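Below is one structure; the comments refer to it alone.
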Amino acid sequence: MLKMEHIAKVFRTDTVATHALRDFSLHVKAGEFVSVTGPSGSGKTTFLNIAGLLDSFDGGSYQLDGINVSGLNDSARSKLRNEKIGFIFQGFNLIPDLDIFDNVDVPLRYRGFGRAERKQRIEEALLKVGLSARAKHLPSQLSGGQQQRAAIARALAGNPAFLLADEPTGNLDTTMARQVMELLEQINEQGTTIVMVTHDPELARRAKRNIQIVDGEMADLTLKQAV
Ligand SMILES: Nc1ncnc2c1ncn2[C@@H]1O[C@H](COP(=O)(O)OP(=O)(O)O)[C@@H](O)[C@H]1O
Ligand SMILES: [Mg+2]
């Protein structure tokens, strides 16, 4: 489903070239729950942004659901991203002056769904994350855990094949982090493939597979070896 072979990514400024990923290969099959750990600056976010078609790469190949990503122009790439991928970020990235319902609506409007279909998808997604009663609240009126659940609803409403999460519990206390993790586990059991970057060894171990990125290279770990 997600097939990266020998991916290289270099960030260049006038004075330095940073090799964020070097010879990075990874296959993720449908239905997997993969956690990604590694030191700060090792390339985790770079990997996730490339996987999510938010960033380009400089070498190697990447196939998403059998589609060769390098061959796509910008609009085809955006379309593929919107159809297949849901994102969750450490900082939730909700729009502060939209209520929760309208936040979940943003990517659906972008995809051009009609009003009735959007409403149905939003209500289903909010039900899944346990926030039906909070649809009319602003993000600032919710706890951190609730805000992250709202962001998960936004990612799910588009019914993505892949959920990519970059430190989704990084801004949450332990209790809320566990709740968000439980929600992700349920979502995975219902068939969504998840790749989650995390600093938290306990959460990393709970994923079905753990990989580590060190200096832009990938190491597959067994559960026993994990951190
Ligand atoms: N936009 C950018 N411009 C220049 N360097 C970058 C950029 N994004 C990331 N890097 C560098 O690439 C390396 C990997 O970064 P990143 O993928 O964000 O690491 P992680 O998420 O594992 O902390 C780091 O050395 C970082 O400084
Ligand atoms: Mg990062």
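Numerical summary
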{"quantity": "Whole-angstrom gap from segment 120-163 to segment 1-63, using each part's C-alpha centre", "calculated": "28 Å"}
{"quantity": "Gyration tensor (alpha-carbon) shape descriptor, segment 65-138, a/c threshold 1.5", "calculated": "prolate"}
{"quantity": "The chain: C-alpha pair distances exceeding 28 Å, %", "calculated": "30 percent"}
{"quantity": "For peptides 211-220, 8-17, 64-73, 151-160, sequence by mean Cβ density within 10 Å, most packed first", "calculated": "151-160, 211-220, 64-73, 8-17"}
{"quantity": "Over segment 123-167, volume per residue of the alpha carbon convex hull, in Å³", "calculated": "73 Å³"}
{"quantity": "Helix-only mean residue ellipticity at 222 nm for the chain, each DSSP H run of n ≥ 4 adding -39500 (n - 2.57), per residue, nearest 500", "calculated": "-11000 deg cm²/dmol"}
{"quantity": "Lysine pair number, Cα distance threshold 17 Å (strictly under), segment 2-226, separation 8 or more or different chains", "calculated": "10"}
{"quantity": "Relative contact order %, segment 2-226, counting alpha carbon pairs below 8 Å whose residues are six or more apart", "calculated": "30 percent"}
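Read the figures in this text as sums done on the coordinates, not as results from a lab. Just so it is clear, the structure is predicted and the values come from calculations on it, not from any experiment. Please note: Cβ atoms are built from the backbone with ideal geometry, for glycine as well, and neighbour counts cover all protein chains shown.
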